[in-house]
1. For Gln239 and Val113, calculate 0.36 nm times their separation in residues minus their Cα-Cα distance, and state this gained length in nm to one decimal.
2. Roughly how big is the chain's charge dipole about its Cα centre, with Cβ charges of +1 (Lys, Arg) and -1 (Asp, Glu), in debye to the nearest 20?
3. Projecting each Cα onto the charge dipole of the chain (Lys/Arg +1, Asp/Glu -1 at the beta carbon, about the Cα centre), which of Val149, Thr230, Gln254 comes out farthest on the positive side?
4. Tell me which residues come under 5 Å, amide H to amide H, from Ser144 once H is placed; ignore anything under 5 positions away on its chain.
5. In whole angstrom, how long is each semi-axis of the equivalent ellipsoid of segment 4-263, when you take the square root of 5 times every eigenvalue of its Cα gyration tensor and sort them from largest down?
6. For Val89, which sequence-distant residues (separation of 5 or more, or a different chain) have an amide H within less than 5 Å of its own amide H, given hydrogens modelled in the peptide plane?
7. Work from the charge dipole of segment 86-140 (Cβ charges, +1 for Lys and Arg, -1 for Asp and Glu, about the Cα centre) and give the residue of Ala124, Gly134, Gln114 farthest towards its positive end.
8. Quick one: if you take sqrt(5λ) for each eigenvalue of the C-alpha gyration tensor of segment 1-62, what semi-axes come out, biggest first, whole angstrom?
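Read-outs: derived from the displayed coordinates by stated rules, not from any lab. Quick caveat, the model's predicted, so the values are computed rather than measured. Glycine also receives a Cβ, built like all others from the backbone with ideal geometry; neighbour counts cover every protein chain displayed.
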Amino acid sequence: MLDAGKYGPAALVLGGSEGIGRKFAEEIAAAGMDLVLVARNRAPLEEAAAALQSAHRVRVTALQRDLTAPGFEDFVGDILREHDIGLAVCNAGATHGVGHFLDGELARAQSLVQLNCNVPLVIAHKVLNARRAGKRGAGLVVVSSMSGVCGSGLVAAYAAAKAFQIALCEGLHWELAGEGLDVLCAVAGLTDTPAMRRSGVSFSAAAAAGYLAMDASHVAQGALAQLGRTAVWYAVGQQTADAMRAMPRPQLTQAMSAGSAALFQVPVRPRPD
């Protein structure tokens, strides 16, 4: 059970209107904590806020925001002045799709880096410092991806950004564990969410290739159960993650790149031997 006494009274969930973020919000609200939900799209955001408030009788504030827009640090500062945030979940994602890096727009890759690297940095520094100053506990969960375990073709910038999240949380966990500031990177595998469907993943093709999509609830519940216990939690299981990380890096990159091609049903260009 989530420790509302330690992490309360309120939680900030970025990307909390649907998918994994929505499940985090449900678990947190069920523990009796108020919520600040942030997402880009107004309609699903307002629907989520109304449903959570009605079901759990907690205060839910819905803020529409593109997290890659200028002024994000000031935006977070405003939230912290109005809400006592003791738990932050960085789950905001983007419909990243697949493609060769040089064929895509540079701005798109830069946006992925901004969303997946700069946003967690800002949240970690501001939220954890605010609670540290009052000598109170706090928690930070950053939702990453198995794409981040190595470099991967067709999602090169996305995989690199997700690797950053894993390394960031490992370092912060080491630094802050003795201060009651809990940091966890929740590394999700293939998960059936609206964002993944918008990305163009064929779940039927994934199943045929042996990739079984997990439920978003599994990720949220598992992550909150592990918060304060470890730096990185792999939703696919530690044994599977260890086996992947033990592979030679070129072999793992080849496997992950082929997996991306299969999930999105894109042809792979011939490569020289």
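1. On the way: separation 126, 0.36 × 126 = 45.36 nm, distance 2.90 nm.
Going from the current span to full extension adds 42.5 nm.
2. In debye, rounded to 20, the chain gives about 120.
3. Towards the positive end, the residue furthest out is Gln254.
4. Sorted by chain and number, the residues that satisfy this are Ala186, Val187, Ala188.
5. On the way: eigenvalues 167, 80, 65 Å².
Ellipsoid semi-axes (Å, largest first): 29, 20, 18.
6. Leu12, Val13, Leu14, Val141
7. Selected residue: Gly134.
8. Details: eigenvalues 65, 24, 18 Å².
In descending order, the three semi-axes are 18, 11, 9 Å.
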